[in-house]
Amino acid sequence: MSGHRSHSLMQWTRRSCQCVFLCLFLYLVMLARWGGNEPSPLLALFFDFDPLVSVATWLSTHTLAAGSLLSLITIAVTLLLARVFCGWVCPLGTVHHLMTWLGQRGRRPRVRESRSPWQRLKYLLVVGLLVMTLFGVHWVGVFDPLSLFYRSMTAFGVPAAHYVVEDSATSVYRADPKVGDWHVTSVTEPVYKFFRDRVFFTKRQGFQGSSLIALLFVLILALNLVRPRFWCRYVCPLGGGLGFLSQWPALRLENNADLCNNCGLCARVCPAAAQPDQPGQWLKTECFACWNCVATCKQGALHFTLAPPIRKPVAGKMDFSRRAAVGAVAGGVAALTGFRQTPLAQSKVFEPSLIRPPGALPEREFLQRCIQCGMCMRACPTNALQPCGLEGGVEGLWTPRIVPKVGYCVYDCNLCGQVCPTGAIAPLVLEEKKSVKMGLAVFDKNRCLPHSYGRNCIICEEHCPLPKKAIFFVEQEVTLPSGEKAVVKQPQVDPSLCTGCGICEWSCVFKDRAAINVTSANESRNPGNIAILGDAYF
Amino acid sequence: MSTTSSRREFLKQGALAGAVTLGGAAWTETATNAAGPMDMAIARWKGGDSPVSDIAVKLTEQAMEAIGGMKRFVSKGDVVWIKPNIGWDRTPEQAGNTNPDVVKTLVRMCLDAGAKTIKVGDNTCNPAEKTYVTSKIGEYAREAGAEVVFLDPNRYRDMDIGGERLKMHPVYPEVVECDLVISVPITKHHSATKMTNCMKNFMGVVEKRQIFHQDLPTCIADITAFMKPRIAVMDAVRILTANGPTGGDLKDVSQPNIIAAGTDLVALDAFGAELLGQDPKTMETVLVGEKRGLGVSDYHSLKLKELDVA
């Protein structure tokens, strides 16, 4: 084997593979939106293959979605080939890889990447998170790389791209520059319309708190300048979890000590600090199998070989002691008990602004499933679904809620439940969905025009999508400022019909604080929060 | 308007006339003065049970023919904006939006009349991406050769409406820049104005319209006067009789099988009011429109052609 060439071929194969998965991931992000027909069944593909998500969901709910069985493939592949997922598949890993490459500006780093005790952080994190999951706190999504990447793209990446396209096209449209008789818009407009109608399709989205999500994303990307693939090496709980499975891999790096001249090139290009330069001390649970070391070695001393997994690999040990395990478990328990000591977490009170999407499970069960990926928010055609800050407690960070001021729940839409990768939002059929109450509208009669200012309005009633209208009006004689009498239509809410979709609040003429507001009161999913007697129960 | 008639157009007219005859239209003119083109035509379906799409297509064609054909309004090379009501996420059966076959037929007729580009679009209430699909108008208009336009919230421009209530107000420039705008509403019950029809349909070319609701009749008259409409086609194949403008319950839908076309939007609105069982003399939008000189409410006083189509 003419070693060198085939090894760099492996590198290029790996890079192509990374590109394909990154593009597929981004394509699926773009695809997760209302598009006029049934959503693609592939939207949750990456989450289905994510063992951290499926194990965590299984631990918290003791159930397993059929799709998540695909993660067994990832587990099997990892048992055989160690962390190839990190090196070859993970789209966030690929972005980190790119950032590392950009940071090095094509130059090889000058020092060997040496093992650091901090690399055990990811093992502590995954153990801690899974312990929390066992008690029903699904914080895995905060750190899971696929969830994190998806959320960052939804909340920031896609809206930013949309903004650039839309605003630049609109600026050209407004200015309408000409070269002789030729309008620049004759090129920019068709291009813009292509993006508008084929790529983005829905109106530009915006998300509350997206700056924080974006900032964290930029931060973890910037950390690649500190250490190559910083996130993957030190933090990533999925990488940590896969590390646990990489104890007896069939794919092994062998360093031929007879050929090695200890130049250290391999350790300089190793993004994982997996000690390829130390014969017999290769760190199997750290290595991404990226082939950089093999391709760089001028002596031909490094080779990946396939050995039967029953033979114990000659390699460095995973840095995870019993003491560390106890610490991780204790940390997880401490975090979850910390999260739980609020009136909200104890279900003694309900947060009025925590209006969950239709089909969302009861709060506790919802939190046991939601991985904060943001796919529902991406799919919502009115941008109604927004990431929570602390409205749902620390546990509910970045979980979805309806903010009617921004958007409303479309009566004939159940997309959020259809795309949800973990079933936190149940995939209700439309007829079922229409009967779900998400909250209840209440008038602020001190602001409402017909109630307070003697003017006609009833936009809310006009927009109410229920065939029998959950808002009705009473004709009332009022006195105008001039002293004249007039009859106006004063709207009222019928609580037995209102579903809390929020279109009334969204359409209200008052844009700062609407004169009709939806709160989570009367939501079907939480019996403790139901306020209306009678036919409101179903 | 083009004054010369090419051979191709002549043949097309001949073919159309033939189709009309074969279709079995019986024209009963009620206007006292039949000279010159008609102001308004009411086409009623008398063909018994037929698919709604066939009814809509035939009624649209013949109502338009009766007021002088599309060529009366469209010149060669024109850019035409067809403005249906596509406001709500409702199916054609629920009668929340204009019938898609009516839109399709008008697109075809405009193209046949020599129009260069037909644009179809509305400032919708529910997301346009959804209403264009559910109403089927997007699909049908595109198939007929129109450009389906999603109104871009950033592109509205403040324009001098010069109305009683509305002075400077954001209007969608692409609509105003067209050579012809055809208002194609569906006749529906409306909780605030009792009816939404031809004039109110223009609320779909402006933004910031929530404030209209404090004095809808005046604002609607303002915006109609600003748009200077030359023609409207009123879709009453299906109408929504209660719980408008959204509807949703099929019990609130009736099927009069009527299309009216005309140059007087006040008159068309008065006729629409009658279809909804209202007295036009109590319709504030009609009264204000008439007072502002936008048309007459007594549509019988116009050159009116009523035809039965089978």
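Just so you know, in the range A:32-59 the residues that are among the charged types (D, E, K, R) and either touching a Phe, Trp or Tyr at 6+ places or on another chain (Cβ under 7 Å) or within 14 Å of another protein chain (Cβ to nearest Cβ) (or both) include one that is most open to solvent (accessible area, probe 1.4 Å), and it is A:E38. When the range B:175-190 is limited to residues that are within 14 Å of chain A (Cβ to nearest Cβ) and open to solvent by 10 Å² or more (accessible area, probe 1.4 Å), the one that is nearest to the chain's Cα centre (by Cα) turns out to be B:H189.
Restricting A:F201, A:F230 to residues that are under 25 Å from A:D167 (Cβ atoms) and touching a residue at least 60 places away in the same chain (Cβ under 8 Å) narrows the list to A:F201. Of these, A:G393, A:G374, which one is surrounded by fewer than 23 Cβ atoms within 10 Å (Cβ to Cβ), away from chain B (no Cβ under 14 Å) and at positive phi? Testing whether each residue is surrounded by fewer than 23 Cβ atoms within 10 Å (Cβ to Cβ), away from chain B (no Cβ under 14 Å) and at positive phi leaves just A:G393. Filtered by the rule that a residue be within 8 Å of chain A (Cβ to nearest Cβ), loosely packed, with under 15 Cβ neighbours inside 10 Å and either at pLDDT 95 or above or more than 19 Å from A:W34 (Cβ to Cβ) (or both), the range B:128-167 gives a lone residue, B:N154. Out of A:Q372, A:Q368, one residue alone is polar (S, T, N, Q) and either assigned by TED's automatic domain parsing to the domain that holds A:S68 or touching a strand residue (DSSP E or B) at 6+ places or on another chain (Cβ under 9 Å) (or both). It is A:Q372.
Regarding A:L9, is this residue farther than 26 Å from A:P237 by Cβ, open to solvent by 30 Å² or more (accessible area, probe 1.4 Å) and at pLDDT below 95? So A:L9 fits the description; yes.
Against the condition surrounded by 21 or more Cβ atoms within 10 Å (Cβ to Cβ), within 14 Å of chain B (Cβ to nearest Cβ) and in a helix (DSSP H, G or I), how does A:A169 come out, does it pass? For A:A169, the condition - surrounded by 21 or more Cβ atoms within 10 Å (Cβ to Cβ), within 14 Å of chain B (Cβ to nearest Cβ) and in a helix (DSSP H, G or I) - is met. The condition (being within 14 Å of chain A (Cβ to nearest Cβ), open to solvent by less than 40 Å² (accessible area, probe 1.4 Å) and more than 18 Å from the chain's Cα centre (by Cα)) is satisfied by just one residue among B:P245, B:P217: B:P217. The residue of the range A:266-290 that is farthest from A:R120 (Cα to Cα), among those that are open to solvent by less than 20 Å² (accessible area, probe 1.4 Å) and not in a loop (DSSP other than H, G, I, E, B), is A:C266. Pairing residues of the range B:164-176 that are part of a loop (DSSP other than H, G, I, E, B) with residues that are of a type in the set (K, R), at Cβ distances under 7 Å and at least 6 apart in sequence or on separate chains, gives B:Y172/B:R155. Looking at the structure I just gave you, is B:Y172 open to solvent by 20 Å² or more (accessible area, probe 1.4 Å) and among the hydroxyl-bearing types (S, T, Y)? Considered against the rule, which asks whether it is open to solvent by 20 Å² or more (accessible area, probe 1.4 Å) and among the hydroxyl-bearing types (S, T, Y), B:Y172 comes out as no. Of all residues in the range A:497-523, those that are within 12 Å of chain B (Cβ to nearest Cβ) and assigned to a loop (DSSP other than H, G, I, E, B) have Cβ atoms under 8 Å from Cβ atoms of residues that are open to solvent by less than 20 Å² (accessible area, probe 1.4 Å) and aromatic (F, W, Y), 6 or more apart or on another chain, in A:C501/A:Y408.
Rundown of residues vs (1) among the polar types (S, T, N, Q); (2) buried (at least 23 other Cβ atoms within 10 Å of the Cβ), yes/no style:
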| position | (1), (2) |
| --- | --- |
| A:N292 | yes, yes |
| A:A295 | no, no |
| A:K298 | no, no |
| A:T305 | yes, no |
| A:P308 | no, no |
| A:K312 | no, no |
| A:A330 | no, no |
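The values are calculated or read from the model by the stated rules, or taken from the named source; none is laboratory data. On a predicted model such as this, the values are computed, not experimentally measured, just so you know. All Cβ positions, even for glycine, are placed from backbone atoms using ideal geometry, and neighbour counts span all protein chains on display. We work out accessible area using only protein heavy atoms, side chains counted, and drop any ligands, DNA or RNA first. Shrake-Rupley method; radii C 1.70, N 1.55, O 1.52, S 1.80 Å.
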